[in-house]
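A.B. asks: Pasting a structure here, questions to come.
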Amino acid sequence: MIRSFGERFGAAAGVRVFRAPGRVNLIGDHTDYNLGFVLPVALELATYVAVAPGTGGKLRIYSEDRQEMREFTAADAGWLSRAGDWTDYPMGVAHELAMAGFGIEPANLLIRSTVPEGAGLSSSAALEVSSALAFLNGRTVNGQSMRPLDLARLCQRAERDFVGLPCGIMDQYISVFGQEHRAVEIDCRSLGHRLVPLPPGVTFVAVNSMVKHALSGSAYRDRVAECAAAVSVMHAESPHVESLRDVAPGQLAQAAHLMPEIVARRARHVVTENARVNRFVDASLSGDLELMGRLMIDSHRSLQHDYQVSCAELDFLVDAALGMEGVLGSRMTGGGFGGCTVTLLRDEAAGRFRSQIAQAYHRQFHVIPLIYSCTPSAGAGEVKNFEIIPARN
Ligand code: GLA
């Protein structure tokens, strides 16, 4: 990357490289913006940004994937508005940094990523967080560096307010707080987390359906609005209810007749999914593999039928996986309408599973799915001497 940076921008002293990972969510989807629980792992797949101070007041950003160079005036970062393309992610972050008092300095940035786009593995959060670290480039304001939680929240704001997707905190949070060998259970209300070791003898594999249906953005907004509608009905009944996080499954069943049926089903997904995350964590800690698998399947069915964010390709991948040897559970992961499934299976079955699922999917859809192992990796930080120094140090 440093060589490539030199070819693009001319040799520069003090080039630094920052990395931020993508993620796969093991269980707990569409719960984060309802202030509930999620259980993602940070992946080895990551976005890397090489950065060095620039000249002429300019911010120059080169994307290796797009082979495109874009130029901005660094001092304008606070006044920028959305362009409707890939630059919205780094520039949304630059904008939020400027608003937060971390002025944007002239710089050259080169972006390289191994996180596939549109695969539901959070390439956008990886780009946001790695860009934020590059813009900050180790800087402090009044002697303070940005706290990791503030970094995650700032990147979420870039996506929500600048890019315009009303997302929760999961993707940016796990990109910052990921840990090797651990899943991270995030409480999206307190914004605290707990590191969860995964049982030995099993592995998680993500299978990319290679589709991203156009519906995903608008359907996401609809779901956010439907959940808000459920909250306002519940709040009128029980004033302590501020989000679906505050609703127990039994309580929802009693109030369901007060809401449109579709709204009640959306809410049922969220409240049962929160409970599944907590049970999954307990099952993982006690090594109850069968229960982990069953909870993943229940989660998928809930996303498929109640939340209706799955699609034919994801359902096929889940159903096909469940018929294969050594598979304990499988579900769609992330926002839905395409992207990946995540499958829990016994270690020794992994090799065969990869070839069987690829063949089955190809027979059905004439597309070869890409398959990724979900080895939990470290969260965002600087890459130094081939080691990743986490942002939180
Ligand atoms: C997308 C959003 C996240 C989360 C998931 C669904 O990845 O960015 O905030 O809502 O969908 O769990």
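A.B. asks: From the list 352, 346, 363, 331, which one is crowded, with 16+ Cβ neighbours inside 10 Å and charged (D, E, K, R)?
C.D. replies: Being crowded, with 16+ Cβ neighbours inside 10 Å and charged (D, E, K, R) holds for just one of 352, 346, 363, 331, which is 331.
A.B. asks: Ok, one more. Give just the number: which of (1) surrounded by fewer than 20 Cβ atoms within 10 Å (Cβ to Cβ); (2) under 18 Å from residue 219 (Cβ atoms); (3) of a type outside the set (Asp, Glu) does residue 310 not satisfy?
C.D. replies: (1)
A.B. asks: Looking at segment 177-193, is at least one residue among the aromatic types (Phe, Trp, Tyr) and either within 14 Å of the ligand (Cβ to nearest atom) or in the same structural domain as residue 288 (by TED's automatic domain parsing) (or both)?
C.D. replies: no
A.B. asks: Within 26 Å of residue 199 (Cβ to Cβ), of a type in the set (Ser, Thr, Tyr) and assigned to a strand (DSSP E or B): does that describe residue 355?
C.D. replies: no
A.B. asks: Among residues belonging to segment 147-196 that are within 12 Å of the chain's Cα centre (by Cα), among the β-branched types (Val, Ile, Thr) and in a helix (DSSP H, G or I), point out the one that is surrounded by the most Cβ atoms within 10 Å (Cβ to Cβ).
C.D. replies: 174
A.B. asks: For residue 46, only one of the following conditions fails: (1) surrounded by fewer than 24 Cβ atoms within 10 Å (Cβ to Cβ); (2) more than 15 Å from the ligand (Cβ to nearest atom). What is its number?
C.D. replies: (1)
A.B. asks: Answer yes or no: is there a residue in segment 197-211 that is within 14 Å of the ligand (Cβ to nearest atom), in a strand (DSSP E or B) and surrounded by 21 or more Cβ atoms within 10 Å (Cβ to Cβ).
C.D. replies: Yes, segment 197-211 has at least one match.
Results for (1) in contact with a strand residue (DSSP E or B) (Cβ under 6 Å, 6 or more places away or on another chain); (2) under 25 Å from residue 261 (Cα atoms), shown as yes or no for each residue.
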position: 309; (1), (2): no, yes
position: 323; (1), (2): no, no
position: 328; (1), (2): yes, no
position: 343; (1), (2): yes, no
position: 354; (1), (2): yes, no
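A.B. asks: Mind checking whether some residue in segment 112-126 is part of a strand (DSSP E or B) and at pLDDT 95 or above?
C.D. replies: Yes.
A.B. asks: While we're here: Of the residues 6, 56, 28, which single one is assigned to a loop (DSSP other than H, G, I, E, B) and surrounded by fewer than 24 Cβ atoms within 10 Å (Cβ to Cβ)? First the steps, then the outcome.
C.D. replies: Values: 6 fails: assigned to a loop (DSSP other than H, G, I, E, B); 28 fails: surrounded by fewer than 24 Cβ atoms within 10 Å (Cβ to Cβ).
Testing whether each residue is assigned to a loop (DSSP other than H, G, I, E, B) and surrounded by fewer than 24 Cβ atoms within 10 Å (Cβ to Cβ) leaves just 56.
A.B. asks: I've got another one for you. State whether the residues of segment 69-80 include one that is at positive phi and away from the ligand (no atom under 16 Å from the Cβ).
C.D. replies: To start, the set of residues in segment 69-80 that are at positive phi comprises none.
There is no residue in segment 69-80 that is at positive phi and away from the ligand (no atom under 16 Å from the Cβ).
The values are calculated or read from the model by the stated rules, or taken from the named source; none is laboratory data. Treat the numbers as computed from the prediction; the structure is a model and nothing was measured. Cβ sites come from the backbone with ideal geometry, for glycine too, and all protein chains shown count toward neighbours.
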